[in-house]
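In what follows, a structure is listed as structure tokens, so that the remarks can point back to it.
The values are calculated or read from the model by the stated rules, or taken from the named source; none is laboratory data. Everything quoted here is computed from the prediction, not taken from an experiment. Using ideal geometry, Cβ is built from the backbone for each residue, glycine included, and neighbour counts are taken over all protein chains shown.
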């Protein structure tokens with residue numbers, strides 16, 4: 001009895017040292033995490049939802065690890081890759097890689113300084129991140145899980161050889177544990193992803209691809225009530241997608257955002273030029289102020305519809321930002337013309353969109369594509385020279401007006417975007433060969449036949 005008490009007393013300082021070491025490790029890794037997030041992506045660092053999500057995933061995987069250790073289950077089944085894949089899909093690839101390192105270190109310490117396990121978890125997590133790059137279909141998660149499983153199997157086998165394990169036992173052990181880890185990781189991601197998307201309001205590429213279906217209820221309503229706006233949105237989507245891809249932005253987000261950017265026009269579609277017959281202008285009997293309020297209101301209407309149909313935060317941001325704080329120039333100048341003698345009564349602020357300015361590359365690209373497409377469609381006789389002058393003038397005006405101040409587009413990006421717009425618009429408005437009139441052609445054929453018969 002006395003010997004047991006002596007051992008317990010001896011273990012107390014060891015236990016205290018261990019927990020002190022764990023505490024210091026947490027402090028060091030937390031400091032490293034804060035430094036990394038503040039340097040690599042400040043937007044994520046200052047977004048409370050992302051911080052909460054990262055903490056939640058970290059807590060769950062560490063609790064899961066502790067459960068595996070206490071239950072004496074094989075530690076190789078710890079699904080670190082699932083957390084890595086979730087972070088990569090929901091937040092950012094680089095942050096997923098960084099947190100994979102942090103989690104692997106913690107697991108190595110919790111499992112008794114198992115550096116081999118730390119390396120295996122690190123490799124599996126990195127492969128998990130790689131396997132979900134540009135993930136667009138939920139079914140591809142199965143392939144990702146299989147890839148993680150195969151790599152884990154090879155890693156377990158490799159470290160088993162380094163630890164001089166028996167070959168026959170090692171082959172069986174590495175085989176089933178590695179594949180099982182991949183299956184478990186893919187299963188966790190498949191179940192957790194839609195829950196976390198809904199809970200944290202995150203729009204992933206998978207969600208965007210589902211929204212891009214033209215049979216989506218809101219898009220079907222748009223084509224019925226505002227067909228001109230629908231066609232305009234499709235062209236803007238093509239312009240935005242190509243431009244986004246050329247400057248390294250999310251091309252899928254740009255395309256889908258463009259599809260929905262004008263959904264607010266559904267309610268009063270007949271007041272927008274693309275939906276009006278040639279001889280039916282609803283604004284003729286309205287004051288410029290009222291007309292501008294109707295035009296500006298499509299932003300709020302669009303945001304309300306986005307919320308109702310649960311389009312996600314990323315799409316909603318594009319809807320409310322795609323006009324920035326620009327002025328409705330047509331009605332502003334019309335108001336100036338009506339009050340030519342008292343121009344001081346007309347304030348540009350009364351004709352300005354509420355904003356904010358585009359906060360992302362994708363929102364800014366949709367803004368530029370929207371303006372360029374609308375202006376090019378209004379051209380009487382489009383030619384390559386006229387289109388080039390139009391595109392450059394619109395982009396320069398947006399830049400000079402400060403509409404692009406709060407996004408990450410550079411001058412080089414703007415030049416590349418203008419070139420992409422020119423290429424696509426020239427393809428849309430290229431001159432065609434004039435076909436002869438069918439009736440005239442038939443008459444000429446009959447005349448030739450008659451003359452040949454006479455001869």
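Observations on the model:
- When 95, 89, 120 are checked against the criterion of being within 24 Å of residue 148 (Cβ to Cβ), assigned to a helix (DSSP H, G or I) and in contact (Cβ under 8 Å) with a residue 60 or more places away in the chain, 89 stands alone in meeting it.
- Single condition residue 374 does not satisfy, out of (1) touching a helix residue (DSSP H, G or I) at 6+ places or on another chain (Cβ under 9 Å); (2) over 17 Å from residue 259 (Cβ atoms): (2)
- Scanning segment 305-333 for residues that are under 30 Å from residue 201 (Cα atoms) and in contact (Cβ under 8 Å) with a residue 12 or more places away in the chain yields a count of 19.
- Condition met for residue 371 (free of Cβ contacts under 8 Å to residues at least 40 places away in the same chain and surrounded by fewer than 21 Cβ atoms within 10 Å (Cβ to Cβ)): no
- Condition met for residue 95 (closer than 22 Å to residue 52 by Cβ and crowded, with 24+ Cβ neighbours inside 10 Å): no
- Restricted to segment 55-86, and to residues there that are out of contact with any helix residue (DSSP H, G or I) (no Cβ under 7 Å at 6 or more places or on another chain) and part of a helix (DSSP H, G or I), the residue that is farthest from residue 122 (Cα to Cα) is 70.
- When the test is whether a residue is surrounded by 13 or more Cβ atoms within 10 Å (Cβ to Cβ), farther than 24 Å from residue 141 by Cα and touching a helix residue (DSSP H, G or I) at 6+ places or on another chain (Cβ under 7 Å), residue 33 passes it.
- Of the helices (runs of 4 or more DSSP H) lying entirely inside segment 267-354, the ones with 1 or more residues being surrounded by fewer than 16 Cβ atoms within 10 Å (Cβ to Cβ) and within 20 Å of the chain's Cα centre (by Cα) are found at 288-308, 313-321.
- Some residue of segment 385-401 being modelled with pLDDT of 90 or more, outside any helix (DSSP H, G or I) and surrounded by 12 or more Cβ atoms within 10 Å (Cβ to Cβ): yes
- Answer residue from segment 37-48, given it is touching a helix residue (DSSP H, G or I) at 6+ places or on another chain (Cβ under 6 Å) and surrounded by 15 or more Cβ atoms within 10 Å (Cβ to Cβ) and is farthest from residue 204 (Cα to Cα) among those: 37
- Filter result for the condition that a residue is within 30 Å of residue 306 (Cα to Cα), out of contact with any strand residue (DSSP E or B) (no Cβ under 6 Å at 6 or more places or on another chain), modelled with pLDDT of 90 or more and crowded, with 18+ Cβ neighbours inside 10 Å, over 208, 117, 122: 208
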